[in-house]
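Here is the structure we will look at.
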Amino acid sequence: MDKVFKIEDLRPIRDEMTISRNSRLSDKTPITYFSLGKGTSISQESYDNTTVYIGAKGCADFLIGDYAAKHTISEGDMLVVPSKTLCKQGDGQHVALGDGIQILKLLRIKKENNNMNKIIKSGEVMKLKDLISYEDGSITNIDVVSNDTMKFVLMAFDEGTGLTPHRAPGNAIIFALEGKAVIDYEGKDYTISAGENFRFDKNGLHSVTADERFKMGLLLVLE
């Protein structure tokens, strides 16, 4: 896939249904697109490894821990659930963007090998674009979480700045969080705006140029 897309188009939200789909980004770090229709939920569960949820559309309540502490996640939010922690997802709410919730879920972020930025608090909902700031004439970068199989990074581009053409060592997805930029992928330009995504393959030649101030998340999986 070498074009701008939205996760909601890959796994649409359907009334009264919960739907999941393997992203096929990596065999080592399971990454799933899934949607919960309005009023649906998933039974309380826990995983042996840390789980990261990123909201793509809509909003829903997550009940975390033995006492079911309530956390609401919406578009552009991230929630980190520690290993062996009970979690229930669902009870989608109607919002301006649509019914239900569309989520990207990352599993098997191995705790023993995991490098988590100190600004990230487990069990708290965070707005991704607020975790990083702009600097005049510069590109800023924050490693959110990484291990030997994946890396999730936030970047903020001041107007007119950009990354020169380069290749990445794995498949990747860009999450546009704020503003607009142009991605040159294998010689073709694509404009990406907040709320949209872009996927590129391992070793795909690409660059990013910010026509205005632009923030993005980058999920890179390493085979």
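Observations, loosely collected:
- The residues of the chain expose, per residue, 47 Å² of accessible area to a 1.4 Å probe.
- Over the chain, volume per residue of the alpha carbon convex hull, in Å³: 111
- Between the beta carbons of Lys3 and Tyr67, assuming R0 = 35 Å, the FRET efficiency works out to 0.20 to the nearest 0.05.
- Heavy-atom accessible surface of segment 1-91: percent carbon and sulfur, 1.4 Å: 42
- Rounded to the nearest 20 debye, the dipole magnitude of the chain is 600 debye, with +1 charges on Lys and Arg beta carbons, -1 on Asp and Glu beta carbons, and the Cα centre as origin.
- Nearest-0.05 FRET efficiency for Val182 and Asp130, computed from C-beta distance (R0 25 Å): 0.55
- Separation between Cα centres of segment 143-210 and segment 1-75, rounded to whole Å: 22
- Seen from His166, the other residues with C-beta closer than 13 Å to its C-beta sum to a net charge of 0, counting Lys and Arg as +1 and Asp and Glu as -1.
- Solvent-accessible area assigned to carbon and sulfur over segment 125-223 amounts to 44 percent, based on a 1.4 Å probe.
- Per-selection Kirkwood Rh - segment 1-88 (Cα, Å, 1 d.p.): 14.1
- In this simple spin-label model, placing a label point 7 Å from the Cα along the Cα-to-Cβ direction at both Asp201 and Asp48 gives a separation of 3.3 nm.
- Value in Å of the Kirkwood radius, where segment 133-181 supplies the Cα pairs that are averaged: 12.5
- Extension gain (nm, one decimal) between Glu16 and Lys121, 0.36 nm per residue minus Cα-Cα: 34.6 nm
- 3J(HN,Hα) from dihedral phi, segment 129-140, Karplus parametrisation 6.51/-1.76/1.60, rounded to Hz, x for glycine, proline: 5, 8, 7, 9, 10, 7, 10, 4, x, 9, 10, 9
- Evaluated over the Cα positions of segment 105-223, the convex hull gives a direction-averaged projected area, one quarter of its surface, of 7.4 nm².
The values are calculated or read from the model by the stated rules, or taken from the named source; none is laboratory data. Keep in mind the model is a prediction, meaning the values are calculated, not measured. Here the Cβ is made from the backbone with ideal geometry for all residues, glycine too, and neighbour counts use every protein chain on show. Note: accessible area is taken over every heavy atom of the protein model, side chains too, but ligands, DNA and RNA are not part of it. Shrake-Rupley method; radii C 1.70, N 1.55, O 1.52, S 1.80 Å.
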